Every structure is written in C-alpha cells, then in structure tokens.
C-alpha cells in the first residue's frame, strides 16, 4: 500500500496546493482531525484555522484556511476552502493590518463591517499570522 496520498486545497480563485502528503491535520467544526493514507471516506465542514500537512520527504507545510469543506477518500483529500493561503505566501504586515481593522470594527470605530464579519476577519487574520510564523 502506498504511504502517501494526493492533497488538493482549492480556493474560489485558484488551486492553492496540489501535492502528495503523508498526513493532514485540518480544522473541523468539532475540532481538528487527522488524515493518513487509507482513511475511511468522509465529508467534513472546515472552520477558519490552520491546515497542516507533511510531504513525503517529511517537511511540514501550513495553510491558513477560512472555512469550507473537506472530502476524504482512502487516497485523496480535497479541501474546498472559502479562503486559503500557503504560509509562505502570507504578507504578515497585511495580515496585521487586517487584524487591526477587525479590532477597530469590533470596537465600533468603523462601520464597514458588521460585528459578525469583523469577528470572522479577526479570526482569519490571527490564523494567517500564526501560519506565517510557522512556515517551513
């Protein structure tokens, strides 16, 4: 049996990851879950968080995810993400600006975002910064 499987992470505007992986840890709605080759088929909702995967050479990679769905089969994991960005592509200063904008909106200083949108933006910004700091 193969020891790795295909991993696809797709955002609305592009394919973010198309690689082989030996494991994936994803932020499910009920908590993080792990996948290895041969996993039972499933579909799971994904919340905002950090997707972690290990390539066949043992290197860990991180992707900031902004919600979506995961489809798991024994030899493939597909993540259909509302937003997704590899840690190596994240502009930390932009993420910090996004974080500050969300904080201002939550304090009522700006009217451009609803409280719900500001909370989502804050969560995404925090996870983008975390992922960028974890990059390999």
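FYI, it's all coordinate maths here, none of it is from the lab. Since this is a predicted model, take the numbers as computed values, not measurements. Here the Cβ is made from the backbone with ideal geometry for all residues, glycine too, and neighbour counts use every protein chain on show.
The orientation-averaged shadow of the Cα convex hull for the range 5-86, equal to a quarter of the hull surface, comes to 4.3 nm². Between residue 76 and residue 106, the FRET efficiency estimated from the beta carbon spacing at R0 = 41 angstrom works out to 0.60.
Placing a pseudo-label 7 Å from each Cα along the Cα-to-Cβ vector at residue 14 and residue 88 gives an inter-label distance of 1.3 nm.
Equivalent ellipsoid of the range 89-134: semi-axes from √(5λ) of the C-alpha gyration tensor, largest first, are 21, 9, 7 Å. Here the peptides 36-44, 127-135 are ranked by packing, the mean other Cβ count within 10 Å, and the order with the highest first is 127-135, 36-44. Treating r as the C-beta distance of residue 30 and residue 59 and R0 as 30 Å, the FRET efficiency rounds to 0.60. Summary of packing: across the peptides 96-108, 60-72, 80-92, the per-residue average of other C-beta atoms within 10 Å ranks them, highest first, as 60-72, 80-92, 96-108. Once the Kirkwood radius over Cα pairs is known for the range 12-136, the Stokes-Einstein relation at 10 °C and 1.306 mPa s delivers a diffusion coefficient of 105 µm²/s.
Estimated at 0.36 nm per residue, the fully extended path between residue 114 and residue 43 surpasses their Cα-Cα distance by 22.5 nm.
To the nearest ten degrees, helix 92-106 and the longest principal axis of the Cα atoms of the chain are 50 degrees apart.
Given a cut-off of under 8 Å on Cα pairs at least six residues apart, what relative contact order in percent is computed for the chain?
After rounding, I find 23 percent.
The angle separating the long axis of helix 115-134 from the principal Cα axis of greatest extent in the chain is about 50 degrees. Ranking of 8, 114 by neighbouring Cβ atoms within 10 Å, starting from the fewest: 114, 8.
Contact order for the range 89-134, expressed relative to its length and based on alpha carbon pairs under 8 Å spaced 6+ residues apart, stands at 52 percent.
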